[in-house]
Amino acid sequence: MSLTKLPSGLCLCAAFLFSLYSFAVGAKPLQYEDVFELEFVSDPQPDASGEKIVFVRNWMDKQTDRRRMTLWISSADGKQLEPITNKDINASSPRWAPDNKRLAFIANGQIHLKWLGTGRTSQLGQLTQSPANLSWSPDGNWLAFSMFTPKQVKLPVTLPGKPEKADWAKAAVYIDSKQYRVDGAGYTKSGFQHIYIMPSSGGSAIQLTDGDFNHSGTISWAKDSKAVYFSANRHPDWQSKPLNSELFKLALDDRKLTQLTDRNGPDSRPLLSPDGKKIAYIGFDDRKLAHQANRLYVMNTDGSNVRNLTEDLDRSIDDFQWLPNSNALYIAYDNEGKGILAEQGLSGKRSVIADDLGGGSYGRPYSGGQFAAADNGLIAYTLMSTRQPAELAVIIKGRKRTLTNLNSDLLFARHIGTVEEFWYKSSVDQRKLQGWIIYPPEFDPTQKYPLILEIHGGPHTAYGPHFAMELQLMAAKGYVVLYTNPRGSTSYGEDFANLIHHNYPSQDYNDLMDGVDATIAKGFIDEKQLFVTGGSGGGALTAWIVGHTDRFAAAVSVKPVINWISFVLNADMYSYFTQYWFPAMPWENPEHYLKYSPISYVGNVTTPTMLMTGEADHRTPISETEQFYQALQLRGVDTAMVRIPEASHAIYSRPSNLMTKTAYILYWFDKYRQNKGNIVSEDSTKKTSQ
């Protein structure tokens, strides 16, 4: 049948598709400033009936250079989509009241309540600190939340003789706490996280917990609204054993506190079943391994009859929610880089519902995602693909529907690199390893392209088939981009992750080189134009790589660890790192620390290497970067240091810093790239070799 004889409707459709194709052909590669065009969905919350879903719409404010959040509401069929809050209000944590007529949320550091029927909004109370972990009581009369509570500490020294109105130096800061600084927050103030409740009709916040302990995370209510359940590490040695939290029940009438669990290891995120008879929670028996996967447990409300539901799964449970019948739970976990939604029965039966859960990260392709379910079986979740950041999707009666397309304008105007999954074998032990390749615009497999190996951090995290603005920008500049999950990555089981326990970096280096070799074997990579970069754990591996091979034309090590001794004695989480990543303290076994430190191999480095770190990074402090930079300067190796002012370990948290990071990486690679702006053809390669 010719096109002219097609039914009119089909002809219009074909014409429409042709116009879209023509538009897509004219799309331009991504630009740095497109970072400010990104939007993504987080924290989807359906009402109990499953008819409406409230979610957080995240967007980038070019004027303030910040990620901003507004609340939007969608009908379950996606036909109605409208905002709930204005753009000038930074709103998050939407939570439906049990009557489905009110919505609590946090905005500008205060709790707000919106009446859906009238559209009116009011701030509840006047809090002195920002609240978190909002939770409604089943009777709808109370809101529970956690909040930092300052503690007055008297300085041990006061100086005499200061004249009135004298301008003396600032007072000295006296510190005697073990955890005294936190990345992203800086030096901590004296005080603790406590649990509060507030009447939903408004009023004052009432503090429920006390003591010099932190109480944070999920707060769950008893079915009769007379008690709350939460997790806390209230052991006397909590500062030395940071993971050893327990579950507690606190009665509202007499403030009686009952401990429900007691084991060496974390127990967290208690969630009461709808029938009020059982508690689900996550945790593990602490074996002092670098990676320990969260298991899902269920027990009676008095702490008896504990059952592990997911030991056979061998994957870390990230989130969970009870089904209305109290006989099963929805669970979320990562498997081979993908975010999985599944139904987990108390009987042990498990079935996968979706494998495209993702979100939260948009700079690099990390796994993640959020979901919530309604009483009618609808599941709302953040759907992630390689082409765009997280969108809102729902599953009802086994059928999936995507409700938003927040980045449609960007997708029409820009070319997004195609992402291909592949598997290869490790030369170390023939294990199957997973990787992904991002192809540049107008990719031609008969040509030769420069390659960037981009390495994930953690090291116990995972990359997956997810949108990654930083990597897409690299592809947009004409590079093929490779990312993989070497040994140590999560989502492949505990054994795989712990192959680098007390052994990092090591054979993960070989896994990465095998990924490069497998990509070169595909025939479209110029072996003289190999580049490598990575952040955090990926930065450490980048520094390790240039100390063990000269095959890369240039490298950029972002927020790396260079010296494990100085790292554990400077990082904010030093109490954790020394216990779980190393067999002994650095003064007890310095040889072990130095064996795995990139600084020990700096004498081998010939690769031009740039270092980059935020000046306010307390996780991998900039002193690590400075060590390697100065060592390379002493050796006469081409090097540069990029310092990001005021940036923490999360450099990307300000959009312009995401641009800065990627632009400097590409500047450095372009500097050492042959045939800049041109792709080497097969014919030119043959002529050169002749």
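The values are calculated or read from the model by the stated rules, or taken from the named source; none is laboratory data. Treat the numbers as computed from the prediction; the structure is a model and nothing was measured. Here the Cβ is made from the backbone with ideal geometry for all residues, glycine too, and neighbour counts use every protein chain on show. Ligands, DNA and RNA are excluded from the accessible area calculation, which covers all protein heavy atoms including side chains. Shrake-Rupley method; radii C 1.70, N 1.55, O 1.52, S 1.80 Å.
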Prolate/oblate/rounded label for the range 566-678 (Cα gyration tensor, a/c 1.5)
oblate
Carbon and sulfur together cover what percent of the accessible area of the range 35-133 at a 1.4 Å probe radius?
43
Express in Å², to the nearest 10, the accessible area of HIS456 obtained by rolling a 1.4 Å probe over the protein heavy atoms while all chains stay in place.
10
Summing -39500 (n - 2.57) over every DSSP H run of at least 4 residues in the chain and dividing by its residue count gives a helix-only mean residue ellipticity at 222 nm, to the nearest 500 deg cm²/dmol, of -5000 deg cm²/dmol
With all protein chains present and a 1.4 Å probe, how do ASP43, ASP517, ASP210 order by accessible area, largest first?
ASP210, ASP517, ASP43
Name the residues of the range 503-539 whose amide N is less than 20 Å from a point 7 angstrom out from the Cα of LEU634 along the C-beta direction?
none
Cα-based reach from LYS226 at 20 Å (exclusive), listing aspartates and glutamates while leaving out same-chain residues under 8 positions away:
ASP99, ASP139, ASP210, ASP253, ASP254, ASP275, ASP302
Pairs from LYS278/LYS338; LYS477/LYS522; LYS241/LYS432 whose Cα-Cα separation, in the structure shown, is over 25 Å
LYS278/LYS338; LYS241/LYS432
Sequence neighbours fewer than 8 away in the same chain don't count; with that in mind, list the aspartates and glutamates whose C-alpha is under 15 Å from LYS189.
ASP176, ASP212, ASP572
For the range 497-563 the mean separation of alpha carbon contacts under 8 Å (6+ apart) over residue count, i.e. relative contact order in percent, is 30
Given Cα pairs under 8 Å that are at least 6 residues apart, what percent is the relative contact order of the range 425-576?
26
Those trypsin sites (Lys or Arg not before Pro) in the range 32-104 that DSSP places in a loop and that have at most 14 other beta carbons within 10 Å:
LYS62, LYS79, LYS87, LYS101
Once you order the gyration tensor axes a ≥ b ≥ c over the Cα atoms, which shape class does the range 207-311 get: rounded for a/c under 1.5, otherwise prolate or oblate by comparing a/b with b/c?
oblate
Largest first, please: the extent of the C-alpha atoms of the range 47-172 along each principal axis, to the nearest Å.
71, 41, 21
Over 30 Å (Cα to Cα) - which of LYS223/LYS288; LYS277/LYS349; LYS448/LYS595; LYS87/LYS151 fall in this group:
LYS223/LYS288; LYS448/LYS595; LYS87/LYS151
Total charge of the residues flanking GLN507 in space, meaning their Cβ is under 12 Å from its Cβ, with Lys and Arg +1 and Asp and Glu -1, is -2
What does the accessible area of ILE197 come to, in Å² to the nearest 10, when a probe of 1.4 Å is used?
10
Read-out Cα extents along the principal axes in Å, candidates [x] 76, 61, 59; [y] 88, 86, 60; [z] 114, 57, 49; calculated match is [y]
Sites removed, the longest contiguous part of the chain containing no DSSP-loop GluC sites (Glu not before Pro) with at most 14 other Cβ within 10 Å is 165-310
Ordering LEU113, LEU81 from largest to smallest accessible area (1.4 angstrom probe), what's the sequence?
LEU81, LEU113
Share of the range 403-553's accessible area from carbon and sulfur, percent, 1.4 Å?
46
At 1.4 Å probe size, what's the solvent-accessible area of THR490? Round to the nearest 10 Å².
20
In Å², and per residue, what accessible area does the chain have when probed at 1.4 Å with the other protein chains present?
44
Relative contact order computed over the chain (Cα-Cα under 8 Å; 6+ residues apart), in percent:
10
How would LYS349, LYS256, LYS154 rank on accessible area, largest to smallest, probe 1.4 Å?
LYS154, LYS349, LYS256
